[in-house]
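Undergrad: Sharing a structure here in structure tokens format.
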Amino acid sequence: MSSITLIIPALNEGANLAETVHEVLPSTEKWFKDYEILLFDDGSTDTTGDVADRLAKENNRIKVTHNPSPFGLGYNYKKGVKMAQKDYVLLVPGDNDILKESFEKLFEKAGQSDILLCYTDNLHIRPLGRKILSRSFTHMMNFLFGLHLRYFNGIVLHRRELIQSIVIKTDSFAYQAEALIKLIRKGHSYLQVPQYIRERRYGRSKALYPKNIWRVLKAVAGLWYEVFLSGNAAKG
């Protein structure tokens, strides 16, 4: 049994954050000998910061970072990766949309591949617009980078030394797509695992905000240039 760092960013997820932690903890304690949880309050204006501090008081393996303003999902992931001290690294969205069954399926396969990446196996529960956007993004990324992945935006279990070996430039929602492309192009092995989601119980997803969509498209364009034109892809 190895150890794991859980990175949990949250922007105005006061109603969801505690349940997110409670959803992932049983599987974490079952499959790993040790763990740490890095909570990021990303400049929230609701009760997210208070909830995070309360969770840290209840569990000494939880560390909280309060950002003065929203820095983005990618920023928090990169900061969490730098802080990580355990064998594996996993980002868990703070909106509590990942079901416990997903963590069980993922954690039981730890060690079978360099990268364990999840695809949503019950995407039908998403609203039509969200499904179209998700599938369009997957097709676009596979076409642009010559891959055959089923999903780029699911939870991903990385070996810590591998994810710390590359430079992720974007702070946008495309952070994981950038990491996957760079690592897979370097020849690291991967295994695709199903994940199961629920519709968020409280609040609204930030993924569909126009500014976030624009930041993702900008990040993808920059990554394509880096991989195919700049000659710096091998440097990570």
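Undergrad: Would you list, by chain and number, the aspartates and glutamates whose Cα falls below 14 Å from the Cα of LYS218, excluding same-chain residues fewer than 8 positions away?
TA: Correct list for LYS218: ASP171, GLU178, GLU226.
Undergrad: Sticking with this structure for a sec: Could you check the spin-label model distance between LEU162 and GLU199? Points 7 Å from the Cα along Cα→Cβ, value in nm.
TA: That separation, rounded to one decimal, is 3.6 nm.
Undergrad: What Kirkwood radius, in Å to one decimal, follows from the Cα pairs of the chain?
TA: 17.9 Å
Undergrad: Comparing THR45, THR170, THR138, which has the greatest mean-square fluctuation in the GNM of the chain with Cα pairs linked when under 10 Å apart?
TA: Comparing THR45, THR170, THR138 in a Gaussian network model of the chain, the most mobile one is THR45.
Undergrad: Okay, next question. If you find the alpha carbon centre of the stretch 137-167 and of the stretch 25-78, how far apart are they in angstrom?
TA: Here the answer is 23 Å between Cα centres.
Undergrad: Here is a further query. Over the chain, with a Gaussian network built from C-alpha contacts below 10 Å, which listed residue (GLY222, GLY72, GLY14) shows the highest mean-square fluctuation?
TA: Top of the fluctuation ranking is GLY222.
Undergrad: Can you work out the PRE-style zone for LEU99? Point 7 Å along Cα to Cβ, and I want the residues of the stretch 111-145 with backbone N under 19 Å.
TA: Counting only backbone N, you get 117-128, 131.
Undergrad: Still on this model: For the stretch 1-97, what ratio Rg/Rh do Cα atoms give with a Kirkwood hydrodynamic radius?
TA: Radius of gyration over Kirkwood radius for the stretch 1-97 works out to 0.94.
Undergrad: In angstroms, what radius of gyration and Dmax does the stretch 114-190 have, counting Cα atoms only?
TA: For the stretch 114-190, the Cα radius of gyration and maximum Cα-Cα distance read 12.8, 38 Å.
Undergrad: Say the cut-off is 30 Å between C-alpha atoms; which of LYS30/LYS211; LYS57/LYS82; LYS30/LYS169; LYS57/LYS211; LYS79/LYS182; LYS131/LYS169 go over it?
TA: Pairs exceeding 30 Å: LYS30/LYS211; LYS30/LYS169; LYS57/LYS211.
Undergrad: Would you compute, from DSSP H runs of 4+ residues alone, the mean residue ellipticity of the chain at 222 nm, taking -39500 (n - 2.57) per run and dividing by the full residue count, rounded to the nearest 500?
TA: -12500 deg cm²/dmol
Undergrad: Could you tell me the ratio Rg/Rh of the stretch 46-168? Both radii from Cα atoms, Rh via Kirkwood.
TA: Over the Cα atoms of the stretch 46-168, Rg/Rh equals 0.97.
Read-outs throughout are calculated quantities, based only on the coordinates presented, and are distinct from any laboratory measurement. This one's a predicted model, so the numbers in the text were calculated from it and none came from an experiment. Quick reminder, even Gly has a Cβ in these numbers, built from the backbone with ideal geometry, and neighbours come from all protein chains shown.
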